Structure formats: C-alpha cells, structure tokens
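Below you'll find the structure, written out as structure tokens, and then a few comments.
The values are calculated or read from the model by the stated rules, or taken from the named source; none is laboratory data. In this text, all values refer to a predicted model and were calculated from it rather than measured experimentally. Every residue, glycine as well, gets a Cβ built from its backbone with ideal geometry; the counts of neighbours run over all protein chains shown. Side chains included, ligands, DNA and RNA excluded: accessible areas come from the protein's heavy atoms. Shrake-Rupley method; radii C 1.70, N 1.55, O 1.52, S 1.80 Å.
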Amino acid sequence: MTYNKSIEAFDEAYKVIPGGVDSPVRAFSGVEGTPPFIDRGEGGYMFDIDGNRYIDFVQSWGPLIFGHADKEIEASVIEAVKRGLSFGAPTTVETELAQEIVEMFDSIDKVRFVSSGTEAVMSAIRLARGVTGRDNILKFTGCYHGHSDSLLVQAGSGLATFGTPSSPGVPADLTKHTLLATYNDIASVEKCFADANGDIACLIIEPIAGNMGLVPADEAFLVAIREICNTHGTLLIFDEVMSGFRASLTGAQGISSVKPDMVTLGKVIGAGMPVGAFGASAEIMSHLSPEGPVYQAGTLSGNPVAMSAGLTSLQKLKANPNIYKELEAKAKRLTQGLQASADELNIPMVTEVRGSMFGFFFSDKLVKNFDDALANDSVLFAKFHKGMLDGGVYLACSSYETGFISIATTDEMIEETITLASKVLAEIK
Ligand SMILES: *Cc1c(COP(=O)(O)O)cnc(C)c1O
C-alpha cells in the first residue's frame, strides 16, 4: 500500500490545523506512519484518498453501528436536509427520538439533546450538582467523559486523592472537586466517600469502560457503588455515550441489574451526526431550565437533520432484537481468532467482548483497571497496528481504544482479519 496522497494531505493540514487533526487521537501519535485521509465509506469498508480499502473496526469511534453510508439512514437525512438544516425552534422529530429513548431506558423519563458526548456529560454533571447542592464529583482513573474542565483529570498517584488537572488551561480550583477512584476497586470508592464526608454530588462511571481499552465493570462492583451512592444521597451517572446501543440496545444497563440515576448518551444515538443526550427521572430533569433553575442551552441542540439520523437508526435497531446476539457472535469470533493466533506464537494476549464492542491487550494480565491496562505492550501494538493497516484492516490507532463490529461487518471480513493478524503477529514477534 502507498499513502502518498495522505502524506501530502497531512502536511497541508498541519499548516492550518494544530497537529493536522481536529481530535488528537486521529494523529497516529502512538503508532507508526501518518493517518490515511478518508475519501468515503461503504458498509464495512472505508477507502482513503490513495484508493486503499480498509475493513473498518473504528466506525468513527463507535457511532456507525450500521456501517458506512447506510441507505435508510442516508434517505432520512436527505429528507430532513431538504426541509432545512436548522430552525432553532422545536420540531416533532426531537419528541419522537426522545420517546424512543424513554421507552428503551427504564432509568429515563425525560431526556435533553445536545451536540456531543462531552456536552452531554458536562450538562449532566451540572444538573447533578444543581440537584444535590454539592460540588464534589467522583470519577475513575482511565474513564473518559469528554474534555470538559471538571472531567479532564487523569490517572494520577491514585486512590482517593483530590484530582489535579491533566491539561494546562484547566484551573486546579475546579478539578480539586473531582475525586478519583480505581475502577473495579470498591475500597478506593469507600475511601473517597470517607475523605469527602459523603459530600459528593455524583459518581460518574463508564459501566463498560471503553476508553482504556475495553474493561467491563464487575457486576458486584456496580452493585456496591449503587449501594454507597444510595447511602450518601449521591447520584449515580452511567456514562453510556459509547456503550449505549453498543453493548445492548440499552447499553450496560441492559445487561446489569444496576440502574443509574442519570444516563449520558452519544455516538450511536446520532448515527454519525453530532448528537449527545442526557436523561434521568422526571424529578431530576425538572431542575433543568426552563422547568427549573439549572441552566443549559444550545443553538443547534436537537438539530432536525441529526435527530432524523438518530431516529432512523434507533428504529432499525429496535426492529431487529437479534442484532446484538449476531454482533456479539461476530466479535467473539474475531477475538477468539486473534487469541488463537497469539497463543500459537506464545504472544501474551487478553481479550474482552460486550455486544458489538471488542478489545484486546498484548498482556498476560487480566485487565481490571487503568494500571493493569498500562501494563500492556504498546510497542508491540504499534507494530501490529502498522502491519494490519498495510494489509487493509483499520484498527484504532491506540492500544487504549475499543474496537467495533457493525451490522455491515461480514463473516468474510472477520476471517480476512484473523488470517492477516496471524501473518502480522508472526512477522513482528
Ligand atoms: C466518546 C465519549 C465521550 C465524549 O463524546 P464526544 O462526542 O467525543 O464529545 C464521553 N464519554 C464516553 C464514555 C465516550 O466514549
């Protein structure tokens, strides 16, 4: 494969866009080579401007559960576009999409639409603080909740320490209200609650973490955090921006007994258009402006084109209840194939699958939290990534990302990927 046009495009982009990209992970910093510039997608495939074809396991980082350029979603978007791109006034398609979500999620009576996952989580946190009258929030190292100030707190020295900002430009005065605990470690959560005298507005968690690789929370852990939140009057927020409509139709809460107080959504809900949402009980949502005093707004919120894409997508998912079993079967075939190739070559590998989400680490250690994830062999991953890309398989360009199967990912694509992987692993070993 040659990447001449992409290399040129990257150089041009670099002159006018910081790092040449509009979101840092796209820059291929953790792997070899320059990022292919994409021309178009078709089903399970993506084509770059040099004409290279890739089997796509990134799917725009999650949203494209029907693959690229799905005909029905495309038709609904074009329909909406013809009537006008935006009005800044209510449209019935917002209510229709809200009705679908309310019907699917037991924990949601009312939902507000925004334009990104970041915005959804930022707004949910403000609402949680407004409802409880408390400032402190608790998050887990390795969980990503978008790039808003309070949430941009990294893995640090760890347990129950008050957070320090992980980016210049984020005031320490703000992140001092963000407590950090260790994923799947209830003792670290208990310590945070003890340190803060229980004065915590909300505990936010990716119930299936997808931003440190794929690391699901143990059911017993979720049960325990639900209990501790109940004890202290702390609101439990499930950030299902990634896992919603991915792990199951209703995300992690569809496969766990634990129900959150608030939910954030994004990615699949917009089917590739910029959409986020946050929802909760009618009581909690009544605190939100204009019903209540907690302010939140957006010029393009509930954009009718984006809502149409989301509505068509969710209706298609709901109409085919077996979809998630099929997606999970494909994901398992893929990870089992990768695992078998690695085992044969004595390369340590651990894998996970939840619905259409899959993950693998070059590690001999079961990954339960961010420190475990950091123990993976990211140098080997970088070589693997390059070999796969050159062979026509597009994987996320970091060992801390989740892979995605779409409905357009065929069995043949899975087989081709496994065959290529065993060849690449033998070469880079
Ligand atoms: C992607 C993601 C976000 C941020 O969503 P954006 O649309 O990128 O702003 C928040 N939380 C989780 C769990 C995510 O995976």
Give the long-range amide H neighbours of residue 202: residues separated by 5 or more places, or on another chain, with amide H under 5 Å away, using H modelled in the peptide plane at 1.01 Å from N. 138, 235
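Scaled to the compact-protein estimate 2.2 N^0.38 Å, what is the alpha-carbon radius of gyration of the stretch 18-113, rounded to two decimal places?
Details: Rg = 17.8 Å, N = 96, 2.2 N^0.38 = 12.5 Å.
Ratio of Rg to 2.2 N^0.38 Å for the stretch 18-113: 1.43.
Nothing charged except the Cβ atoms of Lys and Arg (+1) and of Asp and Glu (-1): what's the magnitude of the dipole of the chain about its Cα centre? Round to the nearest 20 debye.
On the way: 33 positive and 53 negative charges, 66 e Å.
Result for the chain is approximately 320 debye, rounded to the nearest 20.
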Taking the Cα centre of the chain as the origin and placing charges on Cβ (Lys, Arg +1; Asp, Glu -1), which of 347, 44, 187 is farthest toward the positive end of the dipole? 187
Per DSSP loop assignment and a cutoff of at most 15 other beta carbons within 10 Å, the chain keeps its longest run without exposed GluC sites (Glu not before Pro) at 33-290
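Taking only protein heavy atoms into account and a 1.4 Å probe, give the accessible area per residue of the chain in Å². Numbers along the way, then the final one.
Numbers: 17710 Å² over 429 residues.
Averaged over the residues of the chain, the accessible area is 41 Å².
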Which residues' amide hydrogens lie under 5 Å from the amide hydrogen of residue 393, considering only partners 5 or more residues apart or on another chain, with H built in the peptide plane? 55
Can you tell me the length gained on complete extension of the stretch residue 83 to residue 4, counting 0.36 nm per residue apart and subtracting the Cα distance? 24.4 nm
Percent antiparallel among DSSP beta bridges with both residues in the chain, to the nearest 5? 60
Just the number: Rg to Rh for the stretch 209-350, Cα atoms, Kirkwood Rh, two decimals. 1.04
In Å, what Rg and Dmax follow from the Cα atoms of the stretch 68-137? 16.0, 47
Could you work out how much longer the chain between residue 365 and residue 422 gets when fully extended? Use 0.36 nm per residue separation minus the Cα distance between them, nm to one decimal. 18.4 nm
For residue 110, other-chain or 5+-apart residues with amide H closer than 5 Å (H placed, Pro excluded) are 280, 282
Compactness ratio of the chain: Cα Rg over 2.2 N^0.38 Å, N = residue count? 0.96
Which of 4, 86, 64 sits farthest toward the positive end of the charge dipole of the stretch 1-109, with +1 on the Cβ of Lys and Arg and -1 on the Cβ of Asp and Glu? 4
Return the carbon/sulfur percentage of the accessible area of the stretch 211-367, one whole number, probe 1.4 Å, all protein chains in place. 54
For the stretch 343-429, the dipole about the Cα centre with charges only on Cβ (Lys and Arg +1, Asp and Glu -1), to the nearest 20 debye, works out at 240
For the stretch 207-217, take each phi angle, set θ = phi - 60°, evaluate the Karplus expression 6.51 cos²θ - 1.76 cosθ + 1.60, and give the result in whole Hz per residue in order, putting x for glycine and proline. x, 10, 5, x, 10, 10, x, 8, 10, x, 6
Using square roots of five times the C-alpha gyration tensor eigenvalues, list the equivalent-ellipsoid semi-axes of the stretch 71-319 in whole Å, biggest first. 31, 19, 17
Interatomic Cα distance distribution for the stretch 379-429, bins of 5 angstrom, percent: 4, 20, 29, 27, 15, 4, 0
